[in-house]
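Participant: What follows is a single structure, and I will ask about it in a moment.
The values are calculated or read from the model by the stated rules, or taken from the named source; none is laboratory data. Model, not experiment: these values are computed from the prediction. Don't worry about glycine lacking a Cβ; one is built from the backbone with ideal geometry, like all the others, and counts go over all protein chains shown.
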Amino acid sequence: MDNLRSSNDVWLQQLAVHLEREKYDSGVVKNYTAAVNRFLKHLEKNRLNAEHVQSSDIECYLSALRLSRRYRKPHCRKSNGLRRLHRSAIHMFMRVLHGQWPIAMPPGSERERLQRLVIAGYDGWMCDVRGLAAQTRSDRLAEASRFLKWLTESGGKNAEDLKVADIDAYLQSRAAYVRRVSRKGIVTKLRGFLRHLHFARITARDLSTAVIGPTLYAYEGIPSALRAEDVEKVLSVTQRDRSAKGRRDFAILTLLSSYGLRAGEITSLCLQDIDWKNSRLQVRHSKTGAQSTLPLLNGPGEAILDYLRDGRPRTELRELFIRSRAPYRPFACGSSLYTTIRRRLAAADITPTGKKGPHAFRHARAVTMLRSKVPLKLIGDVLGHRSTHSTGAYLKLATDDLRSVALEIPSEVRT
């Protein structure tokens, strides 16, 4: 018992050191250590070792905590803040203890072990043979895992036992409540996985040819874009926010509106990508893997410099944009910017009819260049497109220019 208490004291001290190293506020350090101390006393009372705790043990503890007198007080019923605090503190403690949380559990069966091997092989194939980006691989792995799980739950089948009827049944279950463009995405991901199964000789034939999906015609949809006045308004409103977060968001919005970068290209920017001496910006295009050297314009340059001086947290990380609250980390991926952009649009009282995230600024930049008579090839180079076919979709955005060349409707047709 004394050894268990001694171990708990050591781990509690390690948690406090971790929180201070990550530059958490002193109040957070105090609250988190108090919550974990309570949890450790619970473990000690039940003769449990923290190293052997499972997710189910934590959930049982939190459930019991909700029923305790302390958390049945009126002010606690109005908010789940205290319960969230305990959950966050315990999960952080487990990450400090194990390095990650939840811990990857060993496969529960031989079938699950084989499925994990198939998924790992698929990831390697996409990376080494196809050269796909990390985000693309992540999306396709998620669909492949979902498909294998469905096979197990629907009939207990393995990948090598696949039939065309199984594929049709899966697509019917997945596509029942999604739009046509989403069904097309599911089909594309499934085809890629089926090609790998045949390439790895798991299936005797290439079943990807049997997958039938909806037809999406070239340029059938019109990309959504912010109006020029909307872009100026959101930039103006965000610039007035002189907090550290406001300076960071203004720099991000300036890069989006000036260069039309993808969100992932902004989150992957590092300090060494900015050549202040020669006024250049190095961009790694997240979708194509190519790199571009762009001139560092005055607007984005000044916004970045303002952020580096008075907004960026003091950290040894080399990524340009860092979270504004501890733990100070770079954005996980481009999708992390969606909430930030959406909030800035709402603060400027702008409600776009289409996209409400970073890509709306990319489309707006394309329209601006089109109306400035910039050649399509140059627009594609700035946006990081591999071919002019990708850039051609933006031609539909210049609706005012299309109206100027519209043909007159014959009078007999109008009547």
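Participant: Name the residue that is surrounded by the most Cβ atoms within 10 Å (Cβ to Cβ), counting only residues in region 12-51 that are among the aromatic types (Phe, Trp, Tyr) and in a helix (DSSP H, G or I). Break it down into steps so the answer makes sense when it comes.
Facilitator: Taking region 12-51 as the starting set, the residues that turn out to be among the aromatic types (Phe, Trp, Tyr) are 24, 32, 39.
Imposing the further condition that a residue be in a helix (DSSP H, G or I) reduces the set to 32, 39.
Working: TYR32: 22, PHE39: 24.
Across region 12-51, the extreme among qualifying residues is PHE39.
Participant: Then there is this: Out of all the residues in region 180-192, is one or more within 26 Å of the chain's Cα centre (by Cα), outside any helix (DSSP H, G or I), assigned by TED's automatic domain parsing to the domain that holds THR136 and not aromatic (Phe, Trp, Tyr)?
Facilitator: As a first pass, look at region 180-192 and keep what is within 26 Å of the chain's Cα centre (by Cα): 180-192.
Still in the list and also outside any helix (DSSP H, G or I): none.
The answer is no; no qualifying residue exists.
Participant: While we're on this one: Being among the aliphatic types (A, V, I, L, M) and either part of a loop (DSSP other than H, G, I, E, B) or within 20 Å of the chain's Cα centre (by Cα) (or both) is the filter here, so list the residues in region 92-149 that pass it.
Facilitator: First, the residues of region 92-149 that are among the aliphatic types (A, V, I, L, M): 92, 94, 96-97, 103-105, 114, 117-120, 126, 129, 132-134, 141-142, 144, 148.
Passing the criteria: ILE103, ALA104, MET105, MET126, LEU132, ALA133, ALA134, LEU141, ALA142, ALA144.
Participant: What are the residue pairs meeting all of these: first residue in region 285-305, first residue closer than 17 Å to CYS127 by Cβ, second residue assigned to a helix (DSSP H, G or I) and not acidic (Asp, Glu), Cβ atoms under 8 Å, and 6 or more apart or on different chains?
Facilitator: The qualifying pairs are SER286/GLN135; SER286/GLY264; SER286/GLY334; LYS287/GLY264.
Participant: If you go through region 321-337 one residue at a time, do you hit one that is aliphatic (A, V, I, L, M), under 24 Å from VAL237 (Cβ atoms), in a helix (DSSP H, G or I) and more than 17 Å from the chain's Cα centre (by Cα)?
Facilitator: Taking region 321-337 first, the residues aliphatic (A, V, I, L, M) are 322, 326, 332, 337.
Of the ones still in play, those that are also under 24 Å from VAL237 (Cβ atoms) are 322, 337.
Of the ones still in play, those that are also in a helix (DSSP H, G or I) are 337.
Remaining after also requiring more than 17 Å from the chain's Cα centre (by Cα): none.
No - not one qualifying residue is present in region 321-337.
Participant: So how many residues does region 303-320 have that are acidic (Asp, Glu), in a helix (DSSP H, G or I) and under 14 Å from ILE252 (Cβ atoms)? Please lay out each step first, then the result.
Facilitator: Of the residues in region 303-320, the ones acidic (Asp, Glu) are 306, 310, 316, 319.
Next, only the ones that are in a helix (DSSP H, G or I) stay: 306, 310.
When the remaining residues are screened for being under 14 Å from ILE252 (Cβ atoms), the result is 306.
Number satisfying all stated conditions: 1.
Participant: How many of the residues in region 165-179 are loosely packed, with under 12 Cβ neighbours inside 10 Å and not polar (S, T, N, Q)? Outline the logic, then answer.
Facilitator: Let us first name the residues in region 165-179 that are loosely packed, with under 12 Cβ neighbours inside 10 Å, namely 165, 172-173, 176-177, 179.
Going one step further and asking which of them are not polar (S, T, N, Q), we end up with 165, 176-177, 179.
Of the residues in region 165-179, 4 are loosely packed, with under 12 Cβ neighbours inside 10 Å and not polar (S, T, N, Q).
Participant: Out of (1) closer than 30 Å to HIS285 by Cβ; (2) touching a residue at least 60 places away in the same chain (Cβ under 8 Å), the odd one out for ILE186 is which?
Facilitator: Exception for ILE186: condition (2).
Participant: Tally time: how many residues in region 245-284 are in contact (Cβ under 8 Å) with a residue 60 or more places away in the chain, touching a helix residue (DSSP H, G or I) at 6+ places or on another chain (Cβ under 7 Å) and part of a helix (DSSP H, G or I)?
Facilitator: 15
Participant: A further question on this structure: Looking only at residues in region 239-265 that are crowded, with 22+ Cβ neighbours inside 10 Å and aliphatic (A, V, I, L, M), which one is farthest from GLY380 (Cα to Cα)?
Facilitator: ALA251
Participant: While we're looking at this one, here's another question. Quick check, is LEU235 over 22 Å from the mean Cα position of the chain (by Cα), in a helix (DSSP H, G or I) and either at pLDDT below 95 or crowded, with 16+ Cβ neighbours inside 10 Å (or both)?
Facilitator: Working: over 22 Å from the mean Cα position of the chain (by Cα): yes; in a helix (DSSP H, G or I): yes; either at pLDDT below 95 or crowded, with 16+ Cβ neighbours inside 10 Å (or both): yes.
In short, yes.
Participant: Looking at region 346-374, I want the residues that are under 22 Å from THR267 (Cα atoms) and touching a residue at least 24 places away in the same chain (Cβ under 8 Å) and have a partner that is among the polar types (S, T, N, Q) and in a loop (DSSP other than H, G, I, E, B) with Cβ atoms under 8 Å, at least 6 apart or on another chain. Which pairs are those?
Facilitator: LYS355/SER224; ALA360/SER224; HIS363/SER224
Participant: So, one more: State which residue is modelled with the lowest pLDDT when the search covers only region 167-179 and only residues that are touching a helix residue (DSSP H, G or I) at 6+ places or on another chain (Cβ under 6 Å) and part of a helix (DSSP H, G or I).
Facilitator: Let us first name the residues in region 167-179 that are touching a helix residue (DSSP H, G or I) at 6+ places or on another chain (Cβ under 6 Å), namely 170, 174-175.
Checking which are part of a helix (DSSP H, G or I) leaves us with 170, 174.
Details: TYR170: 92, ARG174: 87.
Residue satisfying both the conditions and the ranking: ARG174.
Participant: Consider only pairs whose beta carbons are under 6 Å apart and that are at least six residues apart or on different chains; among these, list those whose first residue lies in region 132-143 and is surrounded by fewer than 14 Cβ atoms within 10 Å (Cβ to Cβ) and whose second residue is β-branched (Val, Ile, Thr) and not in a helix (DSSP H, G or I).
Facilitator: Short answer, once both residue conditions are applied: none.
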